[in-house]
Amino acid sequence: MKQSTSTSTGVAVPATLQSSFAITQATWRFLNNERVSLPKLIAPLREFARQQLVRHDYVLAVKDWSKLDYKKHKAKKDVVQISHKDDIGYDLTTQLLVNAQNGQSIAPIQMHLKTADGYLSTAKSPPTEPIHHLEQVLPLMREADTMDIPAKIVHVIDREADSVFHLRAWSAEGFYYLVRGDDDRLVRWRDETVSLRQIKAQLESEGAFQQSREVLIGGKKGLQSVAETEIVLDRPAKRKVQGRSIIVPGDPLPLRLVFAKVVDPLSNEELSMWYLLSNVSSDVSSSRLALWYYWRWRIESYFKLLKSGGQQLEHWQQESSLAILKRLLIASMACATVWCLQESTDEESEEFKSVLVRLSGKRLKRGRSPTAEILLSGLFVLLRMFDFLVSIDFDLSKIAKLNATFSKLLQKTKKIV
């Protein structure tokens with residue numbers, strides 16, 4: 001179901017079909033078949049994830065939100081205004097599992113799609129009314145806990161999740177999390193109320209930061225250093241209820257505070273600074289927690305793979321959000337396939353990857369591993385080749401005849417030139 005091009009009206013036509021209308025009709029029938037339900041389409045992705053996580057101690061469940069821009073698609077009647085008046089489309093919530101050992105994306109296990117008519121979801125109990133992103137997190141955690149994932153789940157969320165109320169709620173139910181905090185967050189530390197920024201300055205003066213690893217930040221190489229201390233969230237939380245801000249008291253919450261600083265190895269310029277809050281047990285080192293948060297960007301790469309890495313999500317012509325979400329789950333199966341191939345290092349897999357790179361027609365620097373985008377591009381070419389070979393019943397004489405015809409055409413072209 002690869003999109004033909006970003007400007008096409010539908011999926012690419014397989015070599016086994018004579019017309020684009022046939023594949024358009026087949027796709028429409030599949031996506032509008034009531035028996036092809038969201039729970040049935042998410043089930044293979046969850047089972048695939050379980051198979052990948054045998055004998056793993058932890059797995060990262062990264063949560064994020066992405067706008068699907070369809071403001072130019074007049075045929076879609078259930079699009080919603082996401083923020084301002086020109087911000088039209090659907091709001092996608094995704095829970096993506098990431099390998100905690102090597103940072104490789106595994107598969108999405110949960111999705112919500114906010115539409116003008118409410119939420120479509122793979123969840124058993126989806127949101128029933130428009131709610132803030134953070135209010136979606138606890139139900140996502142609860143349902144992930146019922147999926148028989150054979151590893152301890154650590155929920156990783158960006159700075160949007162720096163909320164005392166929600167951190168307390170997640171801790172109360174026993175869920176592990178890793179959240180990026182704001183530098184002005186006030187906490188109890190060494191019997192004083194100070195900001196995370198002040199703690200960082202004090203630890204730097206004490207020489208507490210230890211160099212951890214080399215990382216890439218915005219495509220630029222940097223050296224990451226980490227420091228850790230314990231803090232307590234003892235201040236009351238603030239909540240908005242029916243437009244009013246109210247104070248919600250709560251028990252003191254002890255947490256691990258990990259600082260992850262990245263500097264330019266030449267100029268010593270600070271490239272990034274993360275203030276990470278976590279309740280993960282101390283058997284996981286601060287350096288490993290910093291690496292786990294670094295891998296949070298896998299979900300951004302996933303959104304990019306869907307939108308511009310060969311899937312062209314924001315150019316899909318399906319006219320209903322249900323068809324969009326169904327097709328999105330199918331596209332995610334293609335993503336999971338190439339992620340699994342990326343992780344495989346046996347001789348057979350390496351040979352297969354080199355074939356896909358060649359078929360993709362894209363250049364790869366010597367010594368660099370192929371990206372998921374390149375592998376996906378090559379895989380689509382290979383599948384179309386298989387379609388063609390099936391359509392001619394693997395008759396090599398027909399391929400030879402086509403080659404001869406092409407050779408004659410080349411000779412005529414040379415004369416013209």
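If only residues of the stretch 70-98 that are part of a strand (DSSP E or B) and over 17 Å from the mean Cα position of the chain (by Cα) are counted, the one that is surrounded by the most Cβ atoms within 10 Å (Cβ to Cβ) is G89.
Please determine whether any residue of the stretch 390-399 is in contact with a helix residue (DSSP H, G or I) (Cβ under 6 Å, 6 or more places away or on another chain), within 25 Å of A107 (Cβ to Cβ) and not in a helix (DSSP H, G or I). It would help to see each step written out before you state the result.
Taking the stretch 390-399 first, the residues in contact with a helix residue (DSSP H, G or I) (Cβ under 6 Å, 6 or more places away or on another chain) are 392.
Applying the additional criterion that residues be within 25 Å of A107 (Cβ to Cβ) yields none.
Among the residues of the stretch 390-399, not one is in contact with a helix residue (DSSP H, G or I) (Cβ under 6 Å, 6 or more places away or on another chain), within 25 Å of A107 (Cβ to Cβ) and not in a helix (DSSP H, G or I), which makes the answer no.
Take the residues in the stretch 191-232 that are part of a strand (DSSP E or B) and among the polar types (S, T, N, Q), then tell me which one is nearest to S301 (Cα to Cα). Only one residue fits best here, namely Q224. A search for C-beta distances below 7 Å between a residue of the stretch 385-410 that is within 21 Å of L359 (Cβ to Cβ) and in the same structural domain as V355 (by TED's automatic domain parsing) and any residue that is in a loop (DSSP other than H, G, I, E, B) and among the small types (G, A, S), counting only pairs 6+ apart in sequence or on different chains, returns D387/A15; F388/A15; S391/A15. Do we find that K63 is out of contact with any helix residue (DSSP H, G or I) (no Cβ under 7 Å at 6 or more places or on another chain) and either part of a strand (DSSP E or B) or among the charged types (D, E, K, R) (or both) in this structure? The answer is no for K63.
The set of residues in the stretch 138-180 that are over 30 Å from P44 (Cα atoms), within 18 Å of the chain's Cα centre (by Cα) and surrounded by 18 or more Cβ atoms within 10 Å (Cβ to Cβ) contains only R180. Criterion applied to L289, L276, L257, L306 was being farther than 23 Å from I106 by Cβ and of a type in the set (A, V, I, L, M), and the one residue passing it is L257. Per this entry, S332 is not counted among residues that are out of contact with any helix residue (DSSP H, G or I) (no Cβ under 9 Å at 6 or more places or on another chain), under 29 Å from L113 (Cα atoms), of a type outside the set (A, V, I, L, M) and surrounded by 15 or more Cβ atoms within 10 Å (Cβ to Cβ). Pairs linking a residue in the stretch 275-299 that is assigned by TED's automatic domain parsing to the domain that holds S66 to a residue that is part of a loop (DSSP other than H, G, I, E, B), with Cβ atoms under 6 Å and 6 or more positions apart or on different chains, are Y275/D183; W295/G103. Taking (1) part of a helix (DSSP H, G or I); (2) touching a residue at least 12 places away in the same chain (Cβ under 8 Å); (3) farther than 22 Å from L305 by Cβ in turn, R29 satisfies each apart from (2). For the stretch 317-347, enumerate the residues that are farther than 16 Å from L376 by Cβ and part of a loop (DSSP other than H, G, I, E, B). Matches in the stretch 317-347: Q317, Q318, E319, S320, T345, D346.
Look through E214, E192 and report the one residue that is farther than 20 Å from R159 by Cβ, modelled with pLDDT under 95, loosely packed, with under 13 Cβ neighbours inside 10 Å and not hydroxyl-bearing (S, T, Y). Exactly one of E214, E192 is farther than 20 Å from R159 by Cβ, modelled with pLDDT under 95, loosely packed, with under 13 Cβ neighbours inside 10 Å and not hydroxyl-bearing (S, T, Y), namely E214. Screening A123 on (1) without any contact (Cβ under 8 Å) to a residue 40 or more places away in the chain; (2) surrounded by fewer than 18 Cβ atoms within 10 Å (Cβ to Cβ); (3) in contact with an Asp or Glu (Cβ under 9 Å, 6 or more places away or on another chain) shows it passes everything except condition (2).
The values are calculated or read from the model by the stated rules, or taken from the named source; none is laboratory data. Computed from a predicted structure; not experimentally measured. So basically every Cβ, Gly included, is an ideal-geometry build from the backbone, and we count neighbours across all protein chains shown.
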